[in-house]
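The values are calculated or read from the model by the stated rules, or taken from the named source; none is laboratory data. Here the structure is a predicted model, which means the values were calculated and not measured. All Cβ positions, glycine included, derive from the backbone under ideal geometry; neighbour counts span all protein chains shown. Just so you know, the surface numbers come from the protein's heavy atoms only, side chains and all, with ligands and any DNA or RNA stripped out. Shrake-Rupley method; radii C 1.70, N 1.55, O 1.52, S 1.80 Å.
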Amino acid sequence: MKKRDRRAFLQTSAGALAVGLSPQAIAALRIGLAAEHLAGGADTVQTAPSVASNSGRKPLRLGLIIGVGQDPDSSMAKVHDLGLPTCQAFVDDFKPGLAERLRKALDKHAIEATSLVVGGPGKEIWDFYQGPLTIGLVPRETRAARIAHIKKASDFAKQCGIPAVQTHCGFIPENPNDDLYRETVMAMREVAAYCKGNGQNFLYETGQETPITLVRAIHDVGLDNQGVNFDLANLILYGKANPVDAIELLGPFVQGIHAKDGVWPTNPKELGEEVPIGKGKVDFPRIIARLKELNYGGAITIEREISGPRQLEDVRAAKAYLEKLIG
């Protein structure tokens, strides 16, 4: 996902402070807990846990990612009017009373919120040059504030009965010996553990890192409540992997899907272009077939990163296209 305002679908048509970790996480590094997870963690986690909220529900059910803003009833009414039974709810300001209003709106419109999506705080620039400096938990300067923000999101999701919290962790370093990699893994572990305490799974959205780097980080974090939101287009937009190939690495961890399409980057300074589903390089027929083979029981969430009437048209077209593939 490239732009912060994409979430507003249809709303307008070496101390703890130095690395952004809590004192507990810093202590863990000092006593060797990091070594346990960063060296031997590959044996501690093999697959993500089953998702209880999928029980009794239709596999591959469609949904929409939508910015809740301060009017969740209007947002959920739009999802309902599109004939979609699920959503991923993006919330960036946890004002008093909003959780109760969102919970009531979900119940009123019979919408299943599969995850709470969170980003920031602070500037995030979705490109190859500023992205590594601004996105997710990797940048040291904003890490502490973002850890706190994700924890706040987890508490908010608990109030709403939403079973997962989801975010981009950023350009996780490829080199597992890099200090920045170790710091990022400890930050990921801190927020995943907090979500675990709230009875939630913590989902990493694909994009800035290669699939094997994400799998490595999940194993090194070493907790059993981690999962992946598999954004099909992001892997192409960032030039990281073909999603047909990536699912072989990420498949055991996938708990969410972003149905989105795009083309490969041609300018090494800019991401590839997002396009309507069926117009880009994502091989949806093969992906859907593979998800069925893997017995994926979760939702497929449509995302279209534009605004205005065209966005609504493209979402409806995507719904019709995906329904034919899913059967």
Filtering segment 147-167 down to residues that are assigned to a strand (DSSP E or B) and among the hydroxyl-bearing types (S, T, Y) yields T167
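Kindly evaluate E313 against the criterion of being at pLDDT 95 or above, in a helix (DSSP H, G or I) and closer than 14 Å to A259 by Cα.
Answer is no for this residue.
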Answer with yes or no whether E248 is open to solvent by 30 Å² or more (accessible area, probe 1.4 Å), part of a loop (DSSP other than H, G, I, E, B) and on the phi < 0 side of the Ramachandran plot.
-> no
Scanning for something closer than 20 Å to S115 by Cβ and outside any loop (DSSP other than H, G, I, E, B), does segment 277-287 turn up at least one residue?
-> yes
Filter result (open to solvent by 50 Å² or more (accessible area, probe 1.4 Å) and closer than 23 Å to I147 by Cβ) within segment 94-124 | K95, P96, P121, K123
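Just one of R182, R189 is surrounded by fewer than 24 Cβ atoms within 10 Å (Cβ to Cβ), in contact with a helix residue (DSSP H, G or I) (Cβ under 8 Å, 6 or more places away or on another chain) and either at pLDDT 95 or above or part of a helix (DSSP H, G or I) (or both); which is it?
Step by step, each of R182, R189 is checked, and only R182 is surrounded by fewer than 24 Cβ atoms within 10 Å (Cβ to Cβ), in contact with a helix residue (DSSP H, G or I) (Cβ under 8 Å, 6 or more places away or on another chain) and either at pLDDT 95 or above or part of a helix (DSSP H, G or I) (or both).
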Positions within segment 74-93 being touching a His at 6+ places or on another chain (Cβ under 8 Å) and surrounded by fewer than 21 Cβ atoms within 10 Å (Cβ to Cβ), in sequence order | A77, H80
Residue list for segment 66-86, filter: hydrophobic (A, V, I, L, M, F, W, C), closer than 13 Å to K319 by Cα and outside any loop (DSSP other than H, G, I, E, B) | V79
Note on Q159: of the conditions (1) within 23 Å of C87 (Cβ to Cβ); (2) crowded, with 16+ Cβ neighbours inside 10 Å, unmet is (2)
Limited to segment 68-98, what total is found for residues that are farther than 25 Å from E124 by Cα and under 21 Å from the mean Cα position of the chain (by Cα)?
-> 5
Out of K324, K281, K260, sole residue that is surrounded by fewer than 14 Cβ atoms within 10 Å (Cβ to Cβ) and at pLDDT 95 or above = K324
Which pairs do you get when a residue that is more than 20 Å from R61 (Cα to Cα), found in segment 96-112, comes within reach of a residue that is of a type in the set (D, E) and surrounded by fewer than 21 Cβ atoms within 10 Å (Cβ to Cβ), reach meaning Cβ atoms under 9 angstrom, with the pair 6+ apart or on two chains?
-> A99/D155; R101/D71; R101/D73; L102/D73; K104/D73
Criterion (over 18 Å from the mean Cα position of the chain (by Cα), modelled with pLDDT of 95 or more, among the small types (G, A, S) and buried (at least 16 other Cβ atoms within 10 Å of the Cβ)) met by exactly one of A153, A144 | A144
For segment 37-44, does any single residue satisfy the condition of being surrounded by 19 or more Cβ atoms within 10 Å (Cβ to Cβ), closer than 30 Å to R216 by Cβ, of a type in the set (A, V, I, L, M, F, W, C) and modelled with pLDDT of 95 or more?
-> no
What are the pairs, 6+ residues apart or on separate chains, where a residue within segment 299-327 that is at positive phi has its Cβ under 7 Å from a residue that is open to solvent by 40 Å² or more (accessible area, probe 1.4 Å)?
-> G308/S13
Picked from segment 273-301 (must be among the aliphatic types (A, V, I, L, M) and in contact with an Asp or Glu (Cβ under 9 Å, 6 or more places away or on another chain)), the residue nearest to S53 (Cα to Cα) is A299
